[in-house]
Amino acid sequence: MLYQQIAKNKRRTILVMAGFVFLVALIGAAVGYLFAGTATGGVIIALVIAVIYVSIMVGQSTDVVMSMNNAREIHSADEAPELWHIVEDMALVARVPMPRVFIIDDPSPNAFATGNNPQHAAVAATTGLLAIMNREELEGVMAHEMTHVRNYDIRLQTIALALTAATSLLVNFAGNFMWFGASSRRDDREEGADGVFAIIGSILLIILAPLAATMVQMALSRQREYQADAGAVELTRNPQGMISALRQLQHAEPMQNVDPASAALYISDPQENARHKSLSGLFDTHPPLEARIERLEKM
């Protein structure tokens, strides 16, 4: 079952990458047509930018993500003894290398794991999490993150995050170029078909940004969080610890300085608490905490 999950997540990585390459190509085609009169040139430039950006970000994924979330690394047990030893224990039980450990100065309880693979993984916990959770609850949270590491969820998350950031970069660049450069282009064009294409292209660029975010949320499926919760119980042999931890998270206030692009990495949505979830739930990055608790109680 474990190896099947790992293989499944590796296949998802390929699908996510293919989907985003196609999306980036669409953005490049739209920009190239609007501002250079050729879609091919825009596609080539967009893909080159995306490849360079993603290569740099994935190659330094841990440092980039931790910097985005203002996390500071601890290098020994002396700096945070309980967190360090729990991470060490959970990594040992999960049979993965000891990850790097980071702390985020934020009163809201939360945590996440990142990295390219188990050999280059890292976990982060907020000061709020360390302040309110007892040892059993903290073990549940870290076991949840170790499950993400063991199942290669972190690779899928990291690549999706990098591609989302690259897509946003291209869309923002296109938007700025459109505002500052479109007027001079319009002067050289006749009204009519060109004007219609310009409008369509502008709408396309506006639509693609939220579409990219939606694709990532779909790729990082809710089932992944359910599986990590179950994996935490498997590693700790203590379902009550994980259940109690999730109940603590139900009352969490939004984090103060979280990077929006990293929201899907966290154990619970860091941007809003359970009382302010959208009615549809279609665009939530995490399944409802109530549903996760209910599943664990039935185990």
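Placing unit charges on the Cβ atoms only, positive for Lys and Arg and negative for Asp and Glu, gives the stretch 54-166 a dipole magnitude near 480 debye about its Cα centre. Rounded to the nearest 0.05, what FRET efficiency do residue 76 and residue 40 have when you use their Cβ-Cβ distance and R0 = 41 Å? Rounded to the nearest 0.05, the efficiency is 0.15. The 1.4 Å probe gives accessible areas that order 61, 76, largest first, as 76, 61. Let a ≥ b ≥ c be the square roots of the eigenvalues of the Cα gyration tensor of the stretch 76-168; is it rounded (a/c under 1.5), or, if not, prolate (a/b larger than b/c) or oblate? The shape class here is oblate.
Excluding ligands, DNA and RNA, the accessible surface per residue across the stretch 60-112 is 46 Å² with a 1.4 Å probe.
Extending 7 Å from the Cα toward the beta-carbon at both residue 117 and residue 291 defines two label points whose distance is 3.3 nm.
The values are calculated or read from the model by the stated rules, or taken from the named source; none is laboratory data. From a predicted model like this one, the values you see are computed outputs, not experimental measurements. Backbone-built Cβ (ideal geometry, glycine too); neighbour counts: all protein chains shown. Areas reflect the complete protein model, heavy atoms only, side chains present, ligands, DNA and RNA absent. Shrake-Rupley method; radii C 1.70, N 1.55, O 1.52, S 1.80 Å.
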